[in-house]
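> Have a look at this one.
Bear in mind that the values in this text are calculations on the coordinates, not laboratory data. Just so it is clear, the model here is predicted, and its values are computed rather than measured. Methodologically, a virtual Cβ is constructed for each residue, glycine included, from the backbone with ideal geometry; neighbour enumeration extends over all protein chains shown.
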Amino acid sequence: MSAHTSPAFGSPAALAWRALRQDRLAVCGLAFLALLTIIALLGAACTNFVPAFDPTTVRLTDKLLPPFAYASDLVASDDLPALGQYFLGTDELGRDVFSRMLQGAVVSLSIGFVAVGISMIVGIFFGAVAGYFGELSWLGLSLDTVLMRFTDAMLCFPTFFLILTVVALLPASIYNIMIVIGLTSWMGTARFVRAEVLSLKDRDFVIAAHATGLSSWRIVTAHLLPNAMAPVLVSATVGVASAILTESALSFLGFGVQPPDATWGNILADGKTFIFDAPWLFFVPGVAILLVVLAFNLVGEGLREALDPRRAER
Amino acid sequence: MNATDSGFDLAGLCVDVAPQRPRGATSVNIIDKVSLRPVRSRTTAIVGESGCGKSLMALALMGLVDAPLQVRSGTLRVGDRTFALSDKDAVRPLRGDQLAMVFQEPMSALNPVFTIGEQIVEAIVTHAEVGAAAARVDAVGWLKRVGLPDPQRAFDKFPHELSGGMKQRAMIAMALAPKPDVLIADEPTTALDVTVQGQVLRLLGSLQAEIGLTVLLITHDLALVARHAQHVAIMYAGRIVETASVRQLFANPQHPYTRALLKCMPARARRGEPLATISGAVPNPNGFVAGCRFAPRCEFVTEACATVPPASQVEDEHLVYCWNVGL
């Protein structure tokens, strides 16, 4: 930090951002994710509207070609890939792996974000209610006990098998998968938020807010939750990574998003049959998943450091 | 209603602590039958040692007492309406609107994630039907009145960007912006250094003159009372032991506790002699004795002190709760 900038000034978000920028790995992760998001969004447009990027075009003459191979002369001109080249090779039906990866990127990222969004909403709601209104009780059971024991019970389920069971019973649409992953991953957030709310609710500024005459609801939503966001943000970032992993695992087992829709998980699953003949079918989605999960974890770790209140003022 | 009636008075406030376990254990009384009648547009100081229940009384007044503490009885009269303090939601409509509070630690009484401007605007719009732009203008006006330099810029400052004194000024702006009738200032200057203390209290004094505010100043500092208050209530172990005007109290202190407190003031100590102290400390509420609660530390204790002393009127406005008045 240069001597001219004083780190103690600026909004809490600005202070955290300044601290995050000191963390090279987190910045790399963030840059990678930003790039990937742009690619995924452009890819979504291309795979839907540009025939050269159509991930469902089957070219049986060009099966299992390695990366950077050129399309053969036998392919109809309408079915040619972009620039006539398969950047990441083709699969057993001659589909362009690059186009399929683009389509899968949107699916994987949106599953990650939507599932985490759902889990945050449920977790924050349960945590805030248990933390703030936990003392209310009926029949000797406090609201806090009821909600947190339910949370504990949810934590006891082997989540992945619960998801497998639910997905086996429900039609395997992308939306069901988002909802199921979201509804089985909110428990950590609920615990964080409850703990934060409990520690914040007797702080002077909350009493001051009461003294100003604000309603309890307003105090929880406007004064407590913004102060409790730091651990939530960290767990959300890491949560996106684990949601993407869960989706990949589900698709790999054949319970996830169904073909012909591509996700990184089912590209990987298709590729495992040809692991010795066409290793790129396996490595491309595998490495992509690895990099995305790594990037999210690095950003999450960086955020944890940056938002840590005990961090020495640098 | 006469001229000195502030339209605000507290009667018979009792606060207990209910022990969590063993179940069914009797609750312990902390604040016992405290009544207060502050004078309109004047500062009434509530003075006592740490742990004598001053702050708790303030919180009870605002309906902000939480379990295991519990308001057993007490009423608050505001204008011609009376509120039962045992129902802590009863006074809720008064909070901020007619009763405001300034806290001891300005560092922790402002929300760290919002600018002070946002917090003042929130206080304004909670109590008045005004648009965001008008509330902003109003808030900047208040920041100016409490003497923050460059109020336009101060509006967008976060609490951690201000000094302690500036934060306390911002707190005062936030408390006064909804135009309350009564301000409870709970040791508003204890966390500030001496020069800033004087500034903040003079500011309160001038705002009081300007808007006719009734102030309840909670403090343990009698020097401060002499300079900035007009009326005093001395509190000990959850009871009021003496109420008087500042002049009466300093000229003619009656209760042994008041006299002891006055002796402990450094300004009144004689040079070369050790500063007087009151031996012991305010007992834990479990150790409150029956009768006069000051008796165990009192040098004039008699047998009569085993029963609660009644109020004796010394002069007009000067009441003392002691068996040994005039001895």
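> Taking the Cβ of each residue in A:Ser77, A:Ser173, A:Ser242 as the centre, tally the other Cβ atoms inside 10 Å and list the residues starting with the fewest.
Details: A:Ser77 7, A:Ser173 13, A:Ser242 19.
Fewest to most other Cβ atoms nearby, the residues stand as A:Ser77, A:Ser173, A:Ser242.
> For the range A:15-307, give the magnitude of the charge dipole about the Cα centre (Cβ charges: +1 Lys/Arg, -1 Asp/Glu; no others), in debye to the nearest 20. Don't skip to the answer; put the middle values down first.
Working: 15 positive and 21 negative charges, 170 e Å.
For the range A:15-307, the charge dipole is close to 820 debye.
> I want to check the label-to-label distance for A:Val27 and A:Trp217. Put each point 7 Å from Cα in the C-beta direction and report it in nm to one decimal.
4.5 nm
> Too long at a 18 Å Cα-Cα cut-off: which of A:Lys63/A:Lys272; B:Lys144/B:Lys167; A:Lys201/B:Lys157; B:Lys144/B:Lys179?
A:Lys201/B:Lys157
> Please find the FRET efficiency linking B:His160 to B:Ser73, where r is the Cβ-Cβ separation and R0 is fixed at 56 Å, and quote it to the nearest 0.05. The partial results should precede the final answer.
Numbers: r = 42 Å, r/R0 = 0.74.
That gives a FRET efficiency of 0.85.
> Under the 0.36 nm per residue contour assumption, what length would be gained going from the current alpha-carbon distance of A:Glu135 and A:Ala195 to full extension? Walk me through the numbers before you get to the answer.
Values: separation 60, 0.36 × 60 = 21.60 nm, distance 1.41 nm.
Length gained between A:Glu135 and A:Ala195: 20.2 nm.
> Separate question: Work out, step by step, the length gained on full extension between A:Ile39 and A:Ile179: first 0.36 nm times the residue separation, then minus their alpha carbon distance; give nm to one decimal.
Difference between extended and current length: 47.9 nm.
> To continue, here is another question. If each residue's Cβ is checked for other Cβ atoms within 10 Å, how do A:Glu301, A:Glu135 rank with the fewest at the top?
Lowest to highest Cβ neighbour count: A:Glu135, A:Glu301.
> Could I ask something else about it? With charges only on Cβ, +1 for K and R and -1 for D and E, what is the dipole size of the range B:189-311 about its Cα centre, in debye, rounded to 20? Please report the intermediate quantities before stating the final value.
Values: 11 positive and 7 negative charges, 48 e Å.
Charge dipole, the range B:189-311, about its Cα centre: 220 debye, nearest 20.
> I'd like the per residue volume of the convex hull spanned by the Cα atoms of the range A:15-307, given in cubic angstrom.
Looking at the range A:15-307, the number lands at 153 Å³ per residue.
> Here's another thing I want to ask about it. What is the spin-label model distance, in nm, from A:Phe49 to B:Ser50 if the labels are put 7 Å beyond Cα along the C-beta direction?
Simple spin-label model gives 7.0 nm for this pair.
> Would you please give the FRET efficiency between B:Val130 and A:Leu93, computed as 1/(1 + (r/R0)^6) with r the Cβ-Cβ distance and R0 = 41 Å, to the nearest 0.05?
0.05
> Once R0 is set to 60 Å, what does the formula 1/(1 + (r/R0)^6) return for the Cβ-Cβ distance between A:Ala13 and B:Ala276, expressed as a FRET efficiency to the nearest 0.05?
Working: r = 53 Å, r/R0 = 0.88.
Calculated value: 0.70.
> State the answer as a single residue: which of B:Val47, B:Val102, A:Leu33 lies farthest towards the positive end of the charge dipole of the protein assembly as shown, with beta carbon charges of +1 for Lys and Arg and -1 for Asp and Glu, about the Cα centre.
B:Val47
> DSSP loop trypsin sites (Lys or Arg not before Pro) in the range B:229-283 with at most 13 other Cβ atoms within 10 Å of their Cβ, which ones?
B:Arg270, B:Arg271
> Please list, by residue number, everything in the range A:60-89 whose backbone N is under 14 Å from a paramagnetic label point 7 Å out along Cα→Cβ of A:Asp277.
In the range A:60-89, the label zone of A:Asp277 (backbone N under 14 Å from the point 7 Å along Cα→Cβ) covers A:60-66.
> Using the Cβ atoms and a cut-off under 15 Å, what net charge is assigned to the surroundings of A:Asp152, where Lys and Arg are +1 and Asp and Glu are -1?
Charge balance near A:Asp152 sits at +2.
> Given the options B:Ala251, B:Ala45, B:Ala185, state which has the largest fluctuation in a GNM of chain B using a 10 Å cut-off (strictly under) for Cα springs.
Looking only at B:Ala251, B:Ala45, B:Ala185, the biggest GNM fluctuation is shown by B:Ala251.
> Give me B:Val78, A:Val193, B:Val91 sorted ascending by neighbouring Cβ count inside 10 Å, so fewest comes first.
On the way: B:Val78 18, A:Val193 29, B:Val91 21.
Arranged by neighbour count, lowest to highest, B:Val78, A:Val193, B:Val91 become B:Val78, B:Val91, A:Val193.
> Over the range B:174-327, what number does the Rg to Rh ratio reach, with both radii from the alpha-carbon atoms and Rh per Kirkwood?
Here the Rg-to-Rh quotient is 1.00.
> Give me the extension gain from B:Ala267 to B:Asp9: residue separation times 0.36 nm, minus the current Cα-Cα distance, reported in nm with one decimal.
Working: separation 258, 0.36 × 258 = 92.88 nm, distance 3.29 nm.
Using 0.36 nm per residue and subtracting the Cα-Cα distance, I get 89.6 nm.
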